[in-house]
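Comments concern the structure below.
The values are calculated or read from the model by the stated rules, or taken from the named source; none is laboratory data. Remember, it's a predicted structure, so these values are computed and weren't measured experimentally. Glycine gets a Cβ as well: all are built from the backbone with ideal geometry, and neighbour counts include every protein chain shown. Ligands, DNA and RNA are stripped out before the accessible areas are found, and what is left, the full protein with its side chains, is counted by its heavy atoms. Shrake-Rupley method; radii C 1.70, N 1.55, O 1.52, S 1.80 Å.
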Amino acid sequence: MARSRHRRPPTARSVIRRGRGLRGPVLPPTVPAWRTRGQKFDRLVLEAFAPLDSRWHDRLTKLDIAVDDVPKIRPLHPDSVTWPDEVVADGPVPLSRLVPAGIDRHGTATRARVVLFRKPLELRAGDPDDLVDLLREVLVQQIATYLGVDPDVIDPADDDDEEEE
């Protein structure tokens, strides 16, 4: 078999495929930039939840906060896109869901939990500051639903911020 004298220049794909690409991680695991998007989102959730937890800690001891990448729920009526009270949504896309306490399929008691959907929330917020604000709004609505009170009772600071603008 005859080989051509004119070889193609190596592309990034061929270099990586032949084992001559990056040989290790660019950043060591000890630096903050090494965190995954999920880990960064978890930190923002904790940052948004901290002031609410400090104020309502006694009533939130039996509530868990969880994060899921994408929602696995569908609207009750696909034509009109209506959601139950325990779902916070932006139109047809759910942003979070309150799962009440109950019994799972194995007969074990479960705690109530707020499930935040990471990707829809990240897509609706442009930068991390907006994401913290959006997370706080969603958490306030879900905690209000969990406690059975008005969202203004949970976070009266929202009213003060709106009046100043």
Q | Phi-based couplings in Hz for segment 88-105 (Karplus 6.51, -1.76, 1.60; Gly and Pro marked x) | A | 9, 9, 10, x, x, 10, x, 9, 7, 9, 9, 9, x, 5, x, 10, 7, 5
Q | Under-5 Å amide H pairs with Ile65, H placed in peptide plane, nonlocal only | A | Val114
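So if we plug the beta-carbon distance of Arg111 and Val31 into 1/(1 + (r/R0)^6) with R0 = 35 Å, what FRET efficiency do we get, rounded to 0.05? Walk me through the intermediate numbers first.
Details: r = 35 Å, r/R0 = 1.00.
For Arg111 and Val31, the calculated efficiency is 0.50.
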(Q) Suppose accessible area is computed on protein heavy atoms with a 1.4 Å probe; arrange Val149, Val115 from highest to lowest. (A) Val149, Val115
Q: Counting other Cβ atoms within 10 Å, keep those with at most 11, restrict to DSSP loop, and tell me which trypsin sites (Lys or Arg not before Pro) in segment 25-118 are left.
A: Lys62, Lys72, Arg105
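Calculated FRET efficiency, Val81 and Arg7, Cβ-Cβ r, R0 35 Å, to nearest 0.05? Don't jump to the answer; show the numbers that get you there.
Numbers: r = 57 Å, r/R0 = 1.63.
With R0 = 35 Å, the Cβ-Cβ based efficiency is 0.05.
What fraction, in whole percent, of alpha-carbon pairs in segment 55-111 exceed 13 Å separation? Mind dumping the intermediate values first?
Numbers: 1102 of 1596 pairs.
Tail fraction, whole percent: 69.
Taking only C-alpha pairs under 8 Å that are 6+ residues apart, what is the relative contact order of segment 35-165 in percent?
Relative contact order of segment 35-165: 26 percent.
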Q) What number comes out for the charge environment of Ala101, summing +1 per Lys or Arg and -1 per Asp or Glu over other residues with Cβ under 9 Å away? A) +3
(Q) Is the C-alpha gyration tensor of segment 25-87 telling us rounded, prolate or oblate? Criteria: a/c under 1.5 is rounded; beyond that, a/b larger than b/c is prolate, otherwise oblate. (A) oblate
Q.
So, taking all protein chains as they sit and a 1.4 Å probe, how much accessible area belongs to Phe41, in Å² rounded to tens?
A. 0 Å²
Q. Counting only the heavy atoms of the protein chains, how much of Glu47 is accessible to a 1.4 Å probe, in Å² to the nearest 10?
A. 110 Å²
**Q.** Asp68 accessible area, 1.4 Å probe, all protein chains in place, Å² to nearest 10
**A.** 50 Å²
